[in-house]
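Below you'll find the structure, written out as structure tokens, and then a few comments.
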Amino acid sequence: MAKIVATTGNSAMAYAMKQINPDVCAAYPITPSTQVMEEFSKYVADGVVNTNLVTVESEHSAMSACIGAAAAGGRVLTATSANGMALMWEMLYIAAGMRLPIVMALVNRALSAPINIHCDHSDSFGARDSGWIQLYSENAQEAYDNLIQAVRISEHPDVRLPVMVCQDGFIISHSIERMEYLEDDEVRKFIGDYKPMYALLDIDKPVTLGSLDLQDYYIEHKRQEAEAMKLATPVITAVAKDFEKMTGRAYGLFETYHLDDAEVGIVAVNSAAGTIKEIIDQYRRKGIKVGLLKPRLYRPFPTEAYVKALGHLKAITVLDRVDSFGAMAGPLMLEVRAALYDLPKRPVTIGKIYGLGGRDLEESHCQYVIDELVQIAASGKYRELCEYITVRE
Amino acid sequence: MFKLKNWKEVPIGGAVDQPGSAMENKTGSWRVERPVWNSEKCIHCLRCWVYCPDMSVNTLDGKITGINYDYCKGCGICAQVCPEKVKAITMQPEQ
């Protein structure tokens, strides 16, 4: 039986971690994800989980300890944000390259400088090429649900890759909303027992992990990693189907909102989608056919599915809460635009950089985006390929 | 040389799941000079066996029996540490 609660995104993630009950959790708390570890450490202190909580001296050590524990054969979770994940950088690639199923609760926050503790996506989008699967969450419910599903995805024999579950710092992590918790035993049954593929502590099957891998094998192992990312997409879909059977809450590769009959569309991840849906309702009432695609996945990037969902549109604006300084546009925009390139009649696709450092995406910003889309759809021309919004000009 | 495997054949993530698999890689081919052991001069002090950075000095019941050329890379340490008055190992160029 589901339990209905009013809680924050951080508490929801901590509660999911409690229910997952990992063997090891190594972390170095950082704003805005601090509360995840604060609450999880209470569960450890109260003895409601069996987790070995490793308190380390930095995030680099946190991810290193997670890697060691996962290599030993344990189920491992951690939580971090922004500069914390940046300090893990070297180890992120090692976790993925060693094919260790580690799950990270990532509370999205801007990277310094200037120093800022509020939301943007420069942390996770920066880790795009690290080999981690990335699941994005609009609200606390999705953050909770994604974290539970992440365990299954990560540990699947076809995948064996680490997964980060992203939610927006403060906007979601510290806001209280209504959501539903599963029972502990439902979660335990859903994730099942962990069977490591190679475990250093399995003395009957001795293995060497992390050995030198030069010109004659490195690329073979990277080819395997690429394949695992490819195979992750159907696994993510299958896990979501099972999750829906248990909860009634449907997840896929993305969520659409009034997209099927839309002429113009917006693409945006995480909490911004909530605001955009509200404004779409306004425009729909005026008879303007606008829709939304909210990616759940950025890595792997399910190109075909996105093209199928967006290909019929006349114009698209992709919102990036991160800048790739000096690039043509934001990273999500570039990838969506490239994905649509092979269509015989492709939508005009532009990008906006918004909300850096926690700047709110307000009603007027969404209206500006939609009004412009309507103009582009009519004329087939755009003014600027990518511009900053939510900024004082 | 042993056959290099394709990406579908090797364990994921660079795991080495067969203990002692380095045996398959016969690194003796790297050698430029080979140690030649003279059984008549050898006093079986085992200094070469102790110092060999590989495991390329063969022994049986505490006595040297020869050099394992499958893995000896010809570093010459064995010849160097062989006592001055014995010099049972000499380095000779590989042909």
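Where does the charge balance sit around A:PRO32 when Lys and Arg score +1, Asp and Glu -1, over other residues with C-beta under 15 Å from its C-beta?
Here the charged neighbours net out to -4.
Looking at the P(r) of the protein assembly as shown, how many percent of alpha-carbon pairs lie beyond 30 Å?
The calculated P(r) of the protein assembly as shown puts 54 percent of pairs beyond 30 Å.
Neighbouring Cβ atoms within 10 Å as the yardstick, rank A:MET98, A:MET229 fewest first.
A:MET229, A:MET98
List the lysines whose alpha-carbon lies under 21 Å from that of B:LYS87, not counting same-chain residues fewer than 8 positions away?
B:LYS41, B:LYS63, B:LYS73
Rounded to the nearest 20 debye, what is the charge dipole size of the stretch A:275-393 about its Cα centre when +1 sits on each Lys and Arg Cβ and -1 on each Asp and Glu Cβ?
460
Could you compute the net charge surrounding A:LEU373? Neighbours are other residues with a C-beta less than 9 Å from the C-beta of A:LEU373; K and R count +1, D and E count -1.
Counting the neighbours of A:LEU373, the net charge comes to -2.
Any idea what the relative contact order of the stretch A:143-247 is, in percent, if you count C-alpha pairs under 8 Å spaced at least 6 apart?
For the stretch A:143-247, the relative contact order is 40 percent.
Per q in 0.14, 0.18 1/Å, what log10 I(q)/I(0) does a Debye calculation on the alpha-carbon atoms of the stretch A:254-388 return?
Log-scaled intensity ratios, in q order: -0.55, -0.96.
Return the average number of partner chain Cβ atoms within 10 angstrom of each residue Cβ along peptide A:95-103.
2
With both partners inside the stretch A:254-388, how many of the DSSP beta bridges are antiparallel, as a percent to the nearest 5?
Bridges in the stretch A:254-388 that DSSP calls antiparallel: roughly 20 percent.
Among A:PHE170, A:ALA45, B:VAL36, flag the residue with its Cα farthest along the positive direction of the charge dipole of the protein assembly as shown, charges on Cβ as +1 for Lys/Arg and -1 for Asp/Glu.
B:VAL36
Which value, in debye to the nearest 20, describes the size of the charge dipole of chain A about its Cα centre when Lys and Arg Cβ atoms bear +1, Asp and Glu Cβ atoms bear -1, and nothing else is charged?
840
Rule-of-thumb check for chain B: C-alpha Rg over 2.2 N^0.38 Å?
Chain B yields a ratio of 1.33.
How much of the DSSP bridge set in the protein assembly as shown is antiparallel, in percent, rounded to the nearest 5?
35
List the pairs from A:LYS308/A:LYS352; A:LYS286/A:LYS308; A:LYS241/A:LYS352; A:LYS3/A:LYS277; A:LYS195/A:LYS241; A:LYS277/A:LYS314 whose alpha-carbon separation is above 31 Å, in the order I gave them.
A:LYS241/A:LYS352
Between A:GLU227 and A:ASP46, what FRET efficiency comes out of the Förster formula 1/(1 + (r/R0)^6) with R0 = 56 Å and r the beta carbon distance, rounded to 0.05?
About 0.85, to the nearest 0.05.
Once you list every other residue whose beta carbon is under 15 Å from the beta carbon of B:ARG31, what net charge do they have if Lys and Arg are +1 and Asp and Glu are -1?
-1
Can you tell me the dipole magnitude for the stretch A:254-296 around its Cα centre, using point charges on the Cβ only (Lys, Arg +1; Asp, Glu -1), in Debye to the nearest 20?
Here the stretch A:254-296 has a charge dipole of around 100 debye.
Mean Kyte-Doolittle of at least 0.5 and a Cα length of 15 Å or more along the axis: which whole DSSP H helices of chain A meet both?
Membrane-span-like by this rule: A:59-72.
Please arrange B:TRP30, B:TRP37, A:TRP89 by how many other C-beta atoms lie within 10 Å of their C-beta, fewest to most.
The fewest-first ordering by Cβ neighbours comes to B:TRP30, A:TRP89, B:TRP37.
At a 10 Å Cβ-Cβ cut-off, how would you order A:LYS222, A:LYS18, fewest neighbours first?
A:LYS222, A:LYS18
Coordinate-derived values only; no laboratory data. Computed from a predicted structure; not experimentally measured. Positions of Cβ are backbone-derived with ideal geometry, glycine not excepted, and every protein chain shown enters the neighbour counts.
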